[in-house]
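Asker: Let me give you the structure first, and then I'll get to my questions.
The values are calculated or read from the model by the stated rules, or taken from the named source; none is laboratory data. All figures in this text were calculated on a predicted structure; none of them were measured in a lab. Cβ: placed from backbone, ideal geometry, glycine included. Neighbour counts: every protein chain shown. Note: accessible area is taken over every heavy atom of the protein model, side chains too, but ligands, DNA and RNA are not part of it. Shrake-Rupley method; radii C 1.70, N 1.55, O 1.52, S 1.80 Å.
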Amino acid sequence: MIEILSSILASDVLNMGADVRRMQDAGVDSLHVDIMDAHFVPNLSFGPAVVSALKKAFPNYHQDVHLMMDNPEKYIAEFVKNGAGAITVHAEIPGDVKAILQDIKARGVKAGVSVKPRTEAETIRELLPLCDLVLVMTVEPGFGGQKFMPDMMPKIRALREMGYKGQIMVDGGINAETAKEAVAAGADALVMGTALLKADDPAAVVRACKELGE
Ligand code: DX5
Ligand code: ZN
C-alpha cells in the first residue's frame, strides 16, 4: 500500500480548510505539515496552532508533522497534544536524536527520522529500529516547488538493503512521474505539495500514484 500525503505548505493559507477538504475528496490519505524554524532551514512556516486548528476541523485526518527545526525536543509534547499522528525529526540536528525518537514513541505517536540529500543512509543505521518511518528528502528542505533529485534513489535502496521494513517516505518534487522512480527504489509513502494542490485533477494524481503499489 502506498500512502499519499499532501503537504499543506503548498496550500492557500487563507483557504487552507477548503484546500484540505479538496485533498480529502481527492483520496489523499494524510496531511503532511512542514514546520520550519528559519535556523535549521532558511524559511519559516507554521507552528503548533496550525496542527491544532486542523485537528479541530478534520479530527480523523492523520497529520504527519515534519519538524525542520533545531531543538525539536522542546516542542514534541505540544505537537502531540495538538493532534500530530506522526512526528519526524532530522538526523542532522544537534542533540540526541535517539532519545527524541524514544520520547515521541512513548507519547503514543509514530516516530520518524529524516535525512537531507547530503546525509548518507549509514548515518541513521542505529536509529532504524526506533523508526516507524524514514523521510528521505528528495530536495534540500526549506521550500516547496523544487526539482526532484533522482540521485537520492540509491539511498532508499540502501535503507531496504539494511533490512529496514518500516515506511520510507519521499518528500520534495514528487509527482506522478517521479513517484515511479521512488516506488521502484523502495519508497511506500509519497509527500506531494505542488503536484497535488496545484493539479487540475488531484484525484487522478492520487489514483496514478496508488496504482504504483498494486
Ligand atoms: C520541503 C518540504 C516539503 C514540501 C514539498 O522542505 O519538506 O514537504 O512542501 O513540496 P513539493 O511537493 O512542492 O516539492
Ligand atoms: Zn516536508
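Asker: Can you compute the helix-only [θ] at 222 nm over the chain? Use -39500 (n - 2.57) per DSSP H run of at least 4 residues, normalise by all residues, nearest 500 deg cm²/dmol. The partial results should precede the final answer.
Answerer: Details: 8 runs with 68 residues, N = 214.
Theoretical 222 nm ellipticity from helices: -9000 deg cm²/dmol.
Asker: Here's another thing I want to ask about it. With charges set only on the Cβ (+1 for Lys and Arg, -1 for Asp and Glu), what does the dipole of segment 3-213 come to about its Cα centre, in debye to the nearest 20?
Answerer: Values: 22 positive and 28 negative charges, 77 e Å.
Around 360 debye, computed over segment 3-213.
Asker: From Cα pairs below 8 angstrom and at least 6 apart in sequence, can you work out the relative contact order of segment 3-213, rounded to a whole percent?
Answerer: 21 percent
Asker: Okay, next question. Mind checking which aspartates and glutamates have their Cα closer than 14 Å to the Cα of LYS198? Skip sequence neighbours fewer than 8 apart in that chain.
Answerer: Reachable aspartates and glutamates: ASP12, ASP19.
Asker: Determine the distance separating the Cα centre of segment 101-128 from the Cα centre of segment 3-49; give it in Å without decimals.
Answerer: About 21 Å separates the Cα centre of segment 101-128 from the one of segment 3-49.
Asker: Please identify, among PRO94, PRO141, PRO150, the residue showing maximal mean-square fluctuation in a Gaussian network model of the chain using a 10 angstrom Cα cutoff.
Answerer: PRO94
Asker: Quick one: which of LYS147/LYS180; LYS55/LYS180; LYS55/LYS81; LYS98/LYS165; LYS55/LYS110; LYS155/LYS180 span more than 22 angstrom between C-alpha atoms? Display every interim value, and only then the final one.
Answerer: Working: LYS147/LYS180 15 Å; LYS55/LYS180 31 Å; LYS55/LYS81 10 Å; LYS98/LYS165 18 Å; LYS55/LYS110 16 Å; LYS155/LYS180 16 Å.
Beyond 22 Å: LYS55/LYS180.
Asker: Of all the accessible heavy-atom surface of the chain, with the other protein chains kept in place and a 1.4 Å probe, what percent is carbon and sulfur?
Answerer: On the way: 4900 of 9430 Å².
Roughly 52 percent, rounded to a whole number.
Asker: Per residue, what accessible area does the chain have, given a 1.4 Å probe and all protein chains present, in Å²? Don't jump to the answer; show the numbers that get you there.
Answerer: Values: 9430 Å² over 214 residues.
In whole numbers, the chain has 44 Å² accessible per residue.
Asker: Given H placed 1.01 Å from N in the peptide plane, which residues other than close sequence neighbours of ILE168 have an amide H under 5 Å from its amide H?
Answerer: Residues meeting the criterion, in which the H sits 1.01 Å from N, are VAL134, ASP188, ALA189.
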